[in-house]
1. Based on what the data block shows, is residue B:136 over 29 Å from residue A:393 (Cβ atoms) and buried (at least 18 other Cβ atoms within 10 Å of the Cβ)?
2. Within the stretch A:225-252, take every residue that is touching a helix residue (DSSP H, G or I) at 6+ places or on another chain (Cβ under 8 Å) and over 24 Å from residue A:359 (Cα atoms) and give me the one that is surrounded by the fewest Cβ atoms within 10 Å (Cβ to Cβ).
3. Does residue A:386 fit the bill of being closer than 20 Å to residue A:213 by Cα, more than 7 Å from chain B (Cβ to nearest Cβ), at pLDDT below 95 and assigned to a loop (DSSP other than H, G, I, E, B)?
4. Looking at the stretch B:225-248, which of its residues are modelled with pLDDT of 95 or more and at the interface with another protein chain (Cβ under 10 Å from one of its Cβ atoms)?
5. How many residues are over 27 Å from residue A:28 (Cβ atoms) and assigned to a helix (DSSP H, G or I) when one looks only at the stretch A:40-85?
6. When you scan the stretch B:370-380, do you find a residue that is surrounded by fewer than 20 Cβ atoms within 10 Å (Cβ to Cβ) and more than 9 Å from every other protein chain (Cβ to nearest Cβ), even just one?
7. I'm checking my understanding of the structure. Among residues of the stretch B:253-278 that are part of a loop (DSSP other than H, G, I, E, B) and surrounded by fewer than 18 Cβ atoms within 10 Å (Cβ to Cβ), which one is nearest to the other protein chains (Cβ to nearest Cβ)?
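The values are calculated or read from the model by the stated rules, or taken from the named source; none is laboratory data. Not measured: the values here are computed from a predicted model. No Cβ is skipped: glycine too gets one built from the backbone with ideal geometry, and neighbour counts run over all protein chains shown.
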C-alpha cells in the first residue's frame, strides 16, 4: 500500500472545498440539539427516499469490482444489500437519539466577583474520514459527525465511488431540508485528494481511518493531524497459576473464536508455568475441536502444542483461527511480554486471586484491562456507548472504544466585566476560585 | 535551530535508560496518593539539603555561559538565585498538596450481572521533557510528573548541565528515601540524546517542551509522540461596535502590556469599522503613553495609527510592546481574521451585546474565548488549577492551560466471572448497562 500512494500537496480545488467545510463547521457549532436531531431525521428519510438509486449504484460498483477480480472479502464489504442499507438508516435514527455530547459543562467556577470561567464540550470542527469499501460506514460516520456538531470531509474507496455518490446525494438532499449547511458534508472521490487531505492540518482537526491496519499505519505516519484509531490489535490473555482452568478455557475460546477477524480477538495466550501442564492437557483437545491452529514456544510444544512459534508470531495479528502460546515464569514475565509485544488495545487475566488481578490491571498499559472475561467485550456498543467511532490505542484520551464523546473537545469560556490581570497582580483584586 | 540539530536514532545506552524508566513507571502506577505525596516531600527536603551544591553548580554554569557571551535573556533564565530555588522548593510542596489526579472513577457501570466496567484515570506512563536553560522548570516538571504517577525523562539546556545534575542528584537522593523507584526520573545531558528521545515512541507517551517557539515547532515536526504545548500564541482582541470604549481600552492595554512576552498577550486588535474612529481617537494617545508601537492597516492608518502593518504582521507573535491594528467590517470579518491568522490560543471580544459575545465565543475555535476581560487570564494558576503543565493549542483535549489532570489518561477496567460475548450474541445473556 505504501508503494502505491504518492501524497501530493492539496490543490486549489481541494483547498476551496475544505474552506467551505470549515465555514460550515463554524455554523453547526451554533445549532441546537433539536436542530441536529432534525437534520439526522431528514437524512434518514432522504436515504429511504433514494434507496433504489443507492442500491442500483451499488450493483454497478459491485459488478465492476467483480469483473476486476477484487478479493472476496473486499467484495462482501462493498456489497450493500437492501437489509444492510435499512440497517444503516436505522443506525442514523439511533445516533439521532443518543444524548447530545455538545455543551456539557465540565467546569463552572467563579474566579473573582463577576469573572466566570466555564469549560464546555464543543465540536472538534472538521473531521476527515478515510474508509475502504464499506458504504455503510459512510452513512454511520456522517451521522456521528453531524450529531456531535462537526462537519466532515469523507473519502471512500474508489471501488465504491458510485454508491458513495448516491449516498452523498441522499444525505445532502436531507441536509438541504434541515437548517444545517449542505457543506457540512463533503465527499472526495479521487485517491489523490484523499491523501492530500492529510496535509490539511489547518482545516481538519481529526482523521478517522476505517480500514485495514496498513491503511491506518500509513495515515498515522503521514499526517500531523491527530488520528483516531488503531493499527494493530494484538491482544493477550494471561492464565495465572491461581486460575479456574475451565473458566480460563471458556474465556480463551470466546476471545479467540467468537469473531477471529476482530481487533479485540486475542492472538497470544500466556500461561503461568505452574499451571501450564494441566491447562494445556485440558485445553488442547478443545482448541483442536474448534480448528484453532496453535503455535507454541519450546515449553508449550513440550507440553503438547504441535507447531512451534517463531519470533514473528508474538508480534502478529493473525485475524484468523491461529493462537500463539507462551509459558511464562510469573505475572511479571507475562506483563513484560505484553508491554513488549502488545499494542495497548485490550489484555486480560484469568485468576481467582484478586490481588494478582489488580496488579495486572494496574500495570498493563492498555486501553482495556480485563479480569475473568472475554477480550471481545472491548467494544463501544457492549460498553453501552450506543455508537462507536472507533477504538483508539493511543495513550492519551480518547482511548479504547470511542463513542460520540470522542467527537467533541472542550474550550474555556471566560466572561468578565472589564477584568484585568494587573488588578490581581497589584493586589487590588483577589482570586476566589469558587465552584458554582 | 533547525539547522543545528541532527536527529540520530537512539543508541543502546539511551534505549536501556528508557527501559529502566518505563519499568519504574509501571511501579509508580501502584503507589498510593500518600506514597507519592511522601516522595515529593522527601524530594523537597533533599533540595533544601543540597541547596548549596545546587547554587554553586549554577554559579559555575552561569559564569561559563557569560564568558561564552550567550544572550542576556538566556542568562537570566539560567540564573538560579537562592530565592528562585526556595520558590521552586516551595512549588514542590504545593504540588504535593494538590488533589490526586489518579484513580478518579469516570464511568462505573454494570454491563450485565457480575460484569462491571470502570473507567478510571491512570498515569500516562513516561513523560519526556525537553526544556531550555531554566533549571527551576526542571524542579517543577519533575514534581508534577511524579505527583501524577508518571516517570519522566528530562533533558535541559546544555548550558545548565551542572545545575541540572546537582538538582537531579538531590531529587534522586530524596526519591531513594521514599518508596518510589529512583529510576522514575532520568536526566539526559547530551544534545544527541535529547533529540533521539523523539524517536522513543514505544517508551515515551507524551513530550512536554518548555522553551522557545522554535524549539516547540521543531519537536512537533519531528516526533510521532504527542506533544503537549504550543508554538505560537497569536491572540486577538475584537472591539465590537456595541462596546464600552473605556472598558475596551483598559482590557486591550492589560492584554498587551501586563507582560508582553507572555503567550497570552494580544498581538492584534480588531476594531469594528463603526466604532473605529472614536475608539482610536481615545486609544492612540493612551497606547502612545505606554510606549506601544502600533502598526495598522490602511484604514486605521487613515484614523491616526502612525506605522503601516504589512502582511507579515498578522501572523507575527511580537512578544514585545508592538500591537497590530485592523479595522473589520463586522463580527464575521473579525472571526475570519482570527481563524486565518490565529493560533487557537486565546481570543477575546469586547461588547455590551450578549448575543454578539455568544456568537463570537461559539464560533472562534480557540482554547480560550473571552468576553470583556483580559486575555492574560489564560493561565493555569489564574484558572485555579494550582499548577500549570503548559498551554496546549491542539484541538483535542487537553487544551488550553493544562493542570495536573493533563498528566493522566484513563483506561477501562472490566471485571467478570467468566463472561463471554457468545452468550450475549446467542441471546442467553442480555446487556443491562446500568450506571452504578
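1. Numbers: over 29 Å from residue A:393 (Cβ atoms): yes; buried (at least 18 other Cβ atoms within 10 Å of the Cβ): yes.
Yes, satisfied.
2. If we take residues in the stretch A:225-252 being touching a helix residue (DSSP H, G or I) at 6+ places or on another chain (Cβ under 8 Å) and over 24 Å from residue A:359 (Cα atoms), then A:232 is surrounded by the fewest Cβ atoms within 10 Å (Cβ to Cβ).
3. Numbers: closer than 20 Å to residue A:213 by Cα: no; more than 7 Å from chain B (Cβ to nearest Cβ): yes; at pLDDT below 95: yes; assigned to a loop (DSSP other than H, G, I, E, B): yes.
No; evaluated as a whole, the condition is false for this residue.
4. B:244, B:246, B:247, B:248 - these are the residues of the stretch B:225-248 that are modelled with pLDDT of 95 or more and at the interface with another protein chain (Cβ under 10 Å from one of its Cβ atoms).
5. The number of residues fulfilling the criteria is 25.
6. Looking for residues that are surrounded by fewer than 20 Cβ atoms within 10 Å (Cβ to Cβ) and more than 9 Å from every other protein chain (Cβ to nearest Cβ), one finds at least one in the stretch B:370-380, hence yes.
7. The first filter runs over the stretch B:253-278 and keeps only residues part of a loop (DSSP other than H, G, I, E, B), leaving B:258-265.
Still in the list and also surrounded by fewer than 18 Cβ atoms within 10 Å (Cβ to Cβ): B:259-262.
Values: B:259: 8, B:260: 12, B:261: 14, B:262: 10 Å.
If we take residues in the stretch B:253-278 being part of a loop (DSSP other than H, G, I, E, B) and surrounded by fewer than 18 Cβ atoms within 10 Å (Cβ to Cβ), then B:259 is nearest to the other protein chains (Cβ to nearest Cβ).
Listed here are the residues, each with its yes/no results for (1) under 27 Å from residue B:118 (Cβ atoms); (2) assigned to a loop (DSSP other than H, G, I, E, B); (3) more than 10 Å from chain A (Cβ to nearest Cβ); (4) within 17 Å of the chain's Cα centre (by Cα).
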site	(1), (2), (3), (4)
B:359	no, no, no, no
B:366	no, yes, no, yes
B:398	yes, yes, no, yes
B:401	no, no, no, yes
B:410	yes, no, no, no
B:429	yes, yes, yes, no
